[in-house]
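Enquirer: Starting off with a structure, shown below.
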Amino acid sequence: MSYDVKIEDDVRGALALDRRLTSPDEVAISSVDGTVVLRGTVGSFSQRYAAVSDARHVDDHLHVRILDADRRADADIRGAALEALHRDTEVPSNLVDVKVSDGWLTLTGEVSWQDQSNAAYYDVANLQGVTGITNEIKVITP
């Protein structure tokens, strides 16, 4: 079995098991050199997000190794992350906190909307020195 066929089968299996997708069979999956492409139509943005999440989280064996020139102290990363969150008017920065250990960020807190949690994640995802992110922000819908 080729690498691309295995990836396609893994993604297809993940979509089939996802209860958020009402018609996983309507999503076409292809893989070329390990890059997955999803095509088709889903009923809502949340289903689109679910399918993309499923495809991205299948058998991920990537490791992040920061080169010495790009390393930053955890305190510097935390400061940059808090600043990025504060600048984003979509994120209630007073309700979100950041912890950093060896470049790995953990976002915590409570927000009212999933978009706010997603925005917080994307605000810190491209900061220099970040090796990974765990998003533990809870969405408490009013």
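The values are calculated or read from the model by the stated rules, or taken from the named source; none is laboratory data. The shown structure was predicted, so the numbers you read here are calculated from the model rather than taken from an experiment. For neighbour counting, all protein chains shown are included, and Cβ atoms are generated from backbone atoms with ideal geometry for every residue, glycine included. Calculation scope for accessible area: heavy atoms of the full protein, side chains included, ligands and nucleic acids excluded. Shrake-Rupley method; radii C 1.70, N 1.55, O 1.52, S 1.80 Å.
Enquirer: Let me spell it out: the conditions are (1) modelled with pLDDT of 90 or more; (2) under 27 Å from residue 114 (Cβ atoms); (3) not charged (D, E, K, R), and residue 46 meets all of them except one. Which number is the exception?
Expert: That leaves (1) as the condition not met.
Enquirer: Identify the residue in the stretch 3-21 that is part of a loop (DSSP other than H, G, I, E, B) and open to solvent by 60 Å² or more (accessible area, probe 1.4 Å) and, among all such residues, is modelled with the highest pLDDT.
Expert: Among them, the one singled out is 19.
Enquirer: May I pose another question? Among the residues of the stretch 87-142, write down those that are surrounded by 15 or more Cβ atoms within 10 Å (Cβ to Cβ), assigned to a helix (DSSP H, G or I) and more than 12 Å from the chain's Cα centre (by Cα).
Expert: Within the stretch 87-142, 93, 95, 116 meet the criteria.
Enquirer: Does residue 80 satisfy the criteria of being more than 14 Å from residue 137 (Cα to Cα), without any contact (Cβ under 8 Å) to a residue 60 or more places away in the chain and not charged (D, E, K, R)?
Expert: Numbers: more than 14 Å from residue 137 (Cα to Cα): yes; without any contact (Cβ under 8 Å) to a residue 60 or more places away in the chain: yes; not charged (D, E, K, R): yes.
It is true that residue 80 is more than 14 Å from residue 137 (Cα to Cα), without any contact (Cβ under 8 Å) to a residue 60 or more places away in the chain and not charged (D, E, K, R).
Enquirer: Right, here's the next one. For the stretch 22-49, what are the residues that are β-branched (Val, Ile, Thr) and open to solvent by less than 60 Å² (accessible area, probe 1.4 Å)?
Expert: Once the filter is applied, which keeps residues that are β-branched (Val, Ile, Thr) and open to solvent by less than 60 Å² (accessible area, probe 1.4 Å), the stretch 22-49 yields 27, 29, 36, 37, 42.
Enquirer: Taking only pairs six or more apart or across chains, which ones have beta-carbon atoms under 9 Å, a first residue in the stretch 29-42 that is under 16 Å from residue 53 (Cα atoms) and assigned to a strand (DSSP E or B), and a second residue that is open to solvent by 50 Å² or more (accessible area, probe 1.4 Å) and of a type in the set (Val, Ile, Thr)?
Expert: If the second residue must be open to solvent by 50 Å² or more (accessible area, probe 1.4 Å) and of a type in the set (Val, Ile, Thr), the pairs left are 29/37; 30/37; 31/5; 31/37; 38/52.
Enquirer: Only one residue in 58, 52 is at pLDDT below 85, open to solvent by less than 100 Å² (accessible area, probe 1.4 Å), assigned to a loop (DSSP other than H, G, I, E, B) and closer than 17 Å to residue 9 by Cα. Which one?
Expert: When all the criteria are applied, what remains is 58.
Enquirer: Next up: Here is a list: 50, 84. Which entry is within 30 Å of residue 25 (Cα to Cα) and in contact with an Asp or Glu (Cβ under 7 Å, 6 or more places away or on another chain)?
Expert: Residue meeting the stated conditions: 50.
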